[in-house]
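This report concerns only the one structure given below.
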Amino acid sequence: MRIIVTGGAGFIGSNFIFYMMKKHPDYKIICLDKLTYAGNLSTLKDVMDEPNFRFVKLDICDREGVYKLFEEEHPDLVVNFAAESHIDRSIENPEIFLQTNIIGTSVLMDACRKYGIKRYHQISTDEVYGDLPLDWPDLFFREDTPLHTSSPYSSSKASADLLVGAYGRTYGLPVTISRCSNNYGPYQFPEKLIPLMIQRALDDKPLPVYGEGQNVRDWLYVEDHCKAIDLILEKGTVGEVYNIGGHNEMHNIGIVKLICDYLGKPYSLIEHVTDRKGHDQRYAIDPTKIHEELGWLPETVFKDGIKKTIQWYLDNKEWWENIISGDYQNYYQEMYGRSEERKNEGNYFSRRLL
Ligand code: NAD
Ligand code: DAU
């Protein structure tokens, strides 16, 4: 099998590449990534020289580049992780979200139509269902829950899902979609809740909790997400949507306190700050379908996964310190010896948090 994995220099995409290279050493994996601020080539350094791995720096919106890559590689499978993924950024600047998340998805599927494909798999999110009320704990997102989005990010992901369905029906493209809850684990960019809090707590900096911190997210260890995607590629039914989640709901404030406890830091670091605009209250996935049809169950319980994750950030300080300092953006230049255009996207951390 030859797989194009888009967005593989980001958090979940890189974990998926590591998982697949171990599980299917006979597959060739081609990672296509634009290396935006969220893409970090150093994350992939351990697989870079493997004979069955190829990295290509490319924008999924670049039709000519994408077609050329398909012509060269003739992939059997495409798994599309590439996206602008951070809600707060989508509230500040929606446009790039529409470009990458919607147009990019259509370019990839056009390439699949043109060159032929066994499967196009779209990595979507539980956020396409909107949110659930806090006081109705027995309500969950099912695959037939109507799409009802809140942020420019989730709207762009829902738009992409609709396009994927349309390409399936109109052109007969063999598509599947998965909608997962919040992931945590190694290599998550430290703008997202868990790595942000770990990194700031270690530096004794204030921990910015939006509003009262009562919003609920359903956390899944990233490797369990990767296993689910692999199962869908192998056994999933074309045209179907699969929800992925671990029935592990936590209030944000509970997570932040747990991180403080683990690191031996005082709760006085917690600072309640202005709430996110349009902040979704609760996400909660019903994963019955993927369990019953494909036999998937999460394997990592939260208390183990969060310990492993915190320990990973303790053991890999250089990885996230290079992000905070902006040095990680030089890695591509060092690897490939070319000048890079993405130096001045502005250090988000210095603008928002430092
Ligand atoms: P991330 O922001 O860590 O990584 C995104 C990657 O995509 C980066 O490597 C970036 O360089 C690349 N990219 C961005 N724009 C691109 C473009 N135009 N062309 C090529 N590459 C581009 O994101 P993540 O958290 O790993 O999320 C991956 C996918 O999973 C996204 O589609 C996201 O919507 C979805 N998802 C994420 C979560 C979560 O909790 N993080 C949960 C459910 C679904
Ligand atoms: O549910 C899946 C989604 O999970 C993915 O589709 C998104 O790509 C991913 O970013 C994530 O979205 P969230 O908004 O849930 O994740 P984030 O880590 O940004 O925030 C988690 C919760 O923590 C949310 O309720 C907002 C809150 N928060 C976040 C940050 C960054 C804070 O209280 N303070 C913060 O500084």
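The values are calculated or read from the model by the stated rules, or taken from the named source; none is laboratory data. Fair warning: this is a prediction, and the values are worked out from it, not measured in the lab. Counting neighbours? That spans all protein chains shown, and the Cβs are built from the backbone with ideal geometry, glycine included. All accessible areas refer to the heavy atoms of the entire protein, side chains included, with ligands and DNA or RNA removed. Shrake-Rupley method; radii C 1.70, N 1.55, O 1.52, S 1.80 Å.
I'd like to verify a number: residues in the stretch 172-199 that are more than 13 Å from ligand 1 (Cβ to nearest atom) and open to solvent by 20 Å² or more (accessible area, probe 1.4 Å), how many? Of the residues in the stretch 172-199, 2 are more than 13 Å from ligand 1 (Cβ to nearest atom) and open to solvent by 20 Å² or more (accessible area, probe 1.4 Å).
So if I check each of Leu220, Leu202, Leu258, which one is crowded, with 18+ Cβ neighbours inside 10 Å, away from ligand 1 (no atom under 16 Å from the Cβ) and under 28 Å from Asp88 (Cβ atoms)? Please lay out each step first, then the result.
Working: Leu220 fails: away from ligand 1 (no atom under 16 Å from the Cβ); Leu202 fails: crowded, with 18+ Cβ neighbours inside 10 Å.
Only one candidate qualifies: Leu258.
Given the criteria aliphatic (A, V, I, L, M), out of contact with any His (no Cβ under 8 Å at 6 or more places or on another chain), closer than 19 Å to Arg113 by Cβ and within 16 Å of ligand 1 (Cβ to nearest atom), does Ile17 qualify? Answer is no for this residue.
When you check Thr100 against the structure, is it more than 25 Å from Leu231 (Cα to Cα), away from ligand 2 (no atom under 12 Å from the Cβ), crowded, with 22+ Cβ neighbours inside 10 Å and not aromatic (Phe, Trp, Tyr), yes or no? If you could, list the steps in order and put the result at the bottom.
Values: more than 25 Å from Leu231 (Cα to Cα): yes; away from ligand 2 (no atom under 12 Å from the Cβ): yes; crowded, with 22+ Cβ neighbours inside 10 Å: yes; not aromatic (Phe, Trp, Tyr): yes.
In short, yes.
With respect to the conditions (1) touching a residue at least 40 places away in the same chain (Cβ under 8 Å); (2) surrounded by fewer than 21 Cβ atoms within 10 Å (Cβ to Cβ), Gly13 falls short on a single one, namely (2). How many residues are assigned to a helix (DSSP H, G or I) and either surrounded by fewer than 13 Cβ atoms within 10 Å (Cβ to Cβ) or of a type in the set (A, V, I, L, M, F, W, C) (or both) when one looks only at the stretch 261-273? Summing the residues that are assigned to a helix (DSSP H, G or I) and either surrounded by fewer than 13 Cβ atoms within 10 Å (Cβ to Cβ) or of a type in the set (A, V, I, L, M, F, W, C) (or both) in the stretch 261-273 gives 5. Selection of the stretch 38-81 for residues being open to solvent by 20 Å² or more (accessible area, probe 1.4 Å), within 14 Å of ligand 1 (Cβ to nearest atom) and closer than 26 Å to Asn183 by Cβ yields Ala38, Ser42, Phe55, Val56, Lys57, Leu58, Asp59, Cys61, Phe81.
Considering the conditions (1) within 21 Å of Val222 (Cβ to Cβ); (2) more than 16 Å from ligand 2 (Cβ to nearest atom); (3) surrounded by fewer than 22 Cβ atoms within 10 Å (Cβ to Cβ), Arg2 is excluded by exactly one of them, (1).
Note on the stretch 223-255: among residues that are β-branched (Val, Ile, Thr) and in contact with a strand residue (DSSP E or B) (Cβ under 7 Å, 6 or more places away or on another chain), the one that is most open to solvent (accessible area, probe 1.4 Å) is Val238.
When Arg282, Arg276 are checked against the criterion of being within 16 Å of ligand 1 (Cβ to nearest atom), open to solvent by 40 Å² or more (accessible area, probe 1.4 Å) and modelled with pLDDT of 95 or more, Arg276 stands alone in meeting it.
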